[in-house]
2 protein chains.
Amino acid sequence: MTTMAAEHSRPTLKDVAQRAGVSIATASRAMADNPAVATTTRTRIQALAAEMGYLPNAQARALQSSRSNTIGIVVPSLINPYFATMVTAVQNAAEGAGLATIITNTDEHPETMAASLTFLASHGVDGIICVPDEACAEQLNNLHAQGMPLVLIDRELTGSPIPTVISDPQPGMDAAVSLLVEHHALPIGYLSGPLSTSTGRARLEAFQQACRNHDLEPQLVFRGGFEQEQGYQGATHLLNHGARALVAGDTMMTIGVLQACHRAGLSIGEDISVIGFDNQPIFALQPRPLTVIDQQVDVMARQAFTVLHGLLAGTQPTHNHLVTPTILIQGDSLMKGPQP
Amino acid sequence: MTTMAAEHSRPTLKDVAQRAGVSIATASRAMADNPAVATTTRTRIQALAAEMGYLPNAQARALQSSRSNTIGIVVPSLINPYFATMVTAVQNAAEGAGLATIITNTDEHPETMAASLTFLASHGVDGIICVPDEACAEQLNNLHAQGMPLVLIDRELTGSPIPTVISDPQPGMDAAVSLLVEHHALPIGYLSGPLSTSTGRARLEAFQQACRNHDLEPQLVFRGGFEQEQGYQGATHLLNHGARALVAGDTMMTIGVLQACHRAGLSIGEDISVIGFDNQPIFALQPRPLTVIDQQVDVMARQAFTVLHGLLAGTQPTHNHLVTPTILIQGDSLMKGPQP
């Protein structure tokens, strides 16, 4: 096993206390986040412990002799096939390395994420891959500081030291806007995800930057959520405001756009131009296959597992942020524009 | 808490040993399935322990004072939206009862299921809802005998005493065949799931029974698997053999049928009649909404959770088999037949 070297060299609480120049009792309280220890001392000891690769709690110590060979993955939805694909790709990569995977679905509730992380960390998983909720930033940063092998995927936490795997929406969004401009499919209506998520913000910024890159006036934007219903409402709203093209900001809103066009009796590629988000197999099965911005979630999932697997073996990643470019996959869902 | 009464009365290993008339050491070995104890004695002690509500291992005993308030759910796929819907519905029901849910996906591998069950049982979940693989029947029956609250869903294990929640394919299949006969859409090509699953067998039998009920000759059958690729291959095969209607045996094969019709340039409802399986939102978003056999997976998921919740409170279900009828949801995916 590749992890044995790391196992043998794992430091004890005594080692941490000695290096920090405090008593074992103080080190123990600091690792337990006990307010009896001053915040600055706690932070210093936790950082030192993380640097030394010390695992603090009873479960983690037990793992030194008995790993569970199981990792956890925490996602905000399973109804959203983007996350179902992510989970399955992580699991396949983990299986290839002899590790089992358990999954929790937070349904975008921070309190469910908090409980999930506590359960996973205290019930013997060796490491966690998590799509973070910003409301859980402190808990995640603490787990990381305490030495839990942890990788963030899809969304990022500003200023967090936790290794993170995300996609860059800009290349795909540039190609999408460029294609719509070529097809004279203006104005564009963009269905944005929630601005409380890094992906919601980054994709909206990428869309607006792509518009500026093409010297376009500000286009139409609907501020929605990562849900089919929001996609349906947003598409209806944008169509009522004269949008001749719709660009969706995630899988679920893409499904909502299909639903809105279907109900409105609009034939995609003939009456309206549509660019979806994520390369779901079902999007290729429309009467005209959908043009989509693809995040390459399989690549991201494998990268996240590779980083986690490295952490389990005691290896820090050389880069803390791994960024996969989005790409445009051309289908046949744009109206033919007038010839120039 | 509704479970306290059951908690206080939970018997010890000593109680089991006394009732069985054996030493505590023998009772302990029997509960651990140690072959040093004769099979008949082991079975007798395990059955007695289950009857008494005894929980055997260290984790389970620890639970007497500290429940994790977490249940596990084990499914064979998350890419299949039928199971993603099931998991999410169980989780919603559990949340309503103040319980968290952790999920494992076996990818239809019995060894992954075996490892999942072992992990869940030994890492403190209070109960498990499982789509069983027949290769894991013994492990599941043992967990049940050892007092782990356990409910099977979707698939059943012949002769198992574990409470089970399934759907009955017959009503939906009868209505489907009846509608196809009315539309003169014969011969019918049926895409069967794997006969190694109870659902694969029961749905094929239901289709054949429905054909007999309508005095039809044996129709075309493709024996596939619960995968999109099998649905694609099966539909292609059945179309090449003259099928004028396709009936799919699960969600993933329905997607494969859509793909095959799409690639063959066949317009569903005009060039070919199609009846899908499971009421996925995406099936209603076809140019003509798909007619589907609906298992009412939300109902099944809530039933399974209700039974599990009862077991956690020490209540045995009044019926060991809960069966939800399938229903036909009419879309517009059948060709208009000649008028009689």
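The values are calculated or read from the model by the stated rules, or taken from the named source; none is laboratory data. The structure presented is a predicted model; accordingly, all values stated were derived computationally and were not measured. Note: ideal-geometry Cβ built from the backbone for every residue, glycine included; neighbour counts use all protein chains shown.
Just a few scattered comments:
- Segment A:202-220 residues that are in the same structural domain as residue A:187 (by TED's automatic domain parsing) and closer than 25 Å to residue A:154 by Cβ, paired with ones that are in a helix (DSSP H, G or I) and hydroxyl-bearing (Ser, Thr, Tyr) (beta carbon under 8 Å, 6 or more apart): A:210/A:178
- Of all the listed residues (B:167, B:178), the sole one being among the hydroxyl-bearing types (Ser, Thr, Tyr) and closer than 23 Å to residue B:83 by Cα is B:167.
- Test: residue in segment A:139-152 that is modelled with pLDDT of 95 or more and under 21 Å from residue A:248 (Cα atoms): no
- Check on residue B:134, more than 14 Å from chain A (Cβ to nearest Cβ), closer than 23 Å to residue B:323 by Cα and surrounded by fewer than 24 Cβ atoms within 10 Å (Cβ to Cβ): yes
- Of the set (1) within 14 Å of chain A (Cβ to nearest Cβ); (2) under 28 Å from the mean Cα position of the chain (by Cα), all apply to residue B:205 but (1).
- Within segment B:229-253, the set of residues being part of a helix (DSSP H, G or I) and either surrounded by 22 or more Cβ atoms within 10 Å (Cβ to Cβ) or in contact with a Lys or Arg (Cβ under 9 Å, 6 or more places away or on another chain) (or both) comprises B:230, B:231, B:232, B:234, B:235, B:236, B:238, B:251, B:252, B:253.
- Of all residues making up segment B:279-329, the number that are under 29 Å from residue B:183 (Cβ atoms), among the aliphatic types (A, V, I, L, M) and within 14 Å of another protein chain (Cβ to nearest Cβ): 5
- Segment A:151-170 - residue that is assigned to a strand (DSSP E or B) and hydroxyl-bearing (Ser, Thr, Tyr) and, of those, surrounded by the fewest Cβ atoms within 10 Å (Cβ to Cβ): A:164
- Here is the figure for segment A:257-273: residues that are without any contact (Cβ under 8 Å) to a residue 60 or more places away in the chain and within 19 Å of residue A:233 (Cβ to Cβ) total 9.
- Some residue of segment A:168-184 being among the small types (Gly, Ala, Ser) and touching a helix residue (DSSP H, G or I) at 6+ places or on another chain (Cβ under 6 Å): no
- Screening residue A:60 against (1) modelled with pLDDT under 80; (2) of a type in the set (A, V, I, L, M); (3) buried (at least 20 other Cβ atoms within 10 Å of the Cβ) leaves a single unmet condition, (3).
- The residues on offer are A:86, A:148, A:173, and the sole one that is among the hydrophobic types (A, V, I, L, M, F, W, C), part of a loop (DSSP other than H, G, I, E, B), within 24 Å of residue A:299 (Cα to Cα) and in contact (Cβ under 8 Å) with a residue 24 or more places away in the chain is A:148.
- Residue in segment B:296-316 that is crowded, with 23+ Cβ neighbours inside 10 Å, touching a residue at least 24 places away in the same chain (Cβ under 8 Å) and over 20 Å from the mean Cα position of the chain (by Cα) present: no
- Test: residue B:128 is touching a helix residue (DSSP H, G or I) at 6+ places or on another chain (Cβ under 9 Å), outside any strand (DSSP E or B), at pLDDT 95 or above and within 23 Å of residue B:296 (Cα to Cα): no
To keep it simple, each residue is scored yes or no on (1) in the same structural domain as residue A:218 (by TED's automatic domain parsing); (2) within 25 Å of residue A:280 (Cα to Cα).
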| position | (1), (2) |
| --- | --- |
| A:89 | no, yes |
| A:96 | no, yes |
| A:116 | no, no |
| A:126 | no, no |
| A:136 | no, no |
| A:143 | no, no |
| A:159 | no, no |
| A:176 | yes, yes |
| A:186 | yes, no |
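- Qualifying residue in segment B:266-281 (condition: at pLDDT below 95, closer than 27 Å to residue B:94 by Cβ and either among the small types (Gly, Ala, Ser) or assigned to a helix (DSSP H, G or I) (or both)): yes
- Residue tally, condition within 11 Å of chain A (Cβ to nearest Cβ) and part of a loop (DSSP other than H, G, I, E, B), over segment B:254-265: 1
- Set side by side, the residues B:134, B:182 differ, and just one is in contact (Cβ under 8 Å) with a residue 12 or more places away in the chain, more than 30 Å from residue B:244 (Cα to Cα) and of a type in the set (Asp, Glu), which is B:134.
- Taking the criterion of being touching a strand residue (DSSP E or B) at 6+ places or on another chain (Cβ under 8 Å) and under 16 Å from residue B:198 (Cβ atoms), the residues of segment B:130-154 that qualify are B:130, B:131, B:132, B:140, B:151, B:152, B:153, B:154.
- Taking the criterion of being more than 7 Å from every other protein chain (Cβ to nearest Cβ), hydroxyl-bearing (Ser, Thr, Tyr) and within 25 Å of residue A:142 (Cα to Cα), the residues of segment A:73-111 that qualify are A:77, A:101, A:106.
- Index of the failed condition, residue B:263 passing every other in (1) buried (at least 17 other Cβ atoms within 10 Å of the Cβ); (2) within 27 Å of residue A:257 (Cβ to Cβ): (1)
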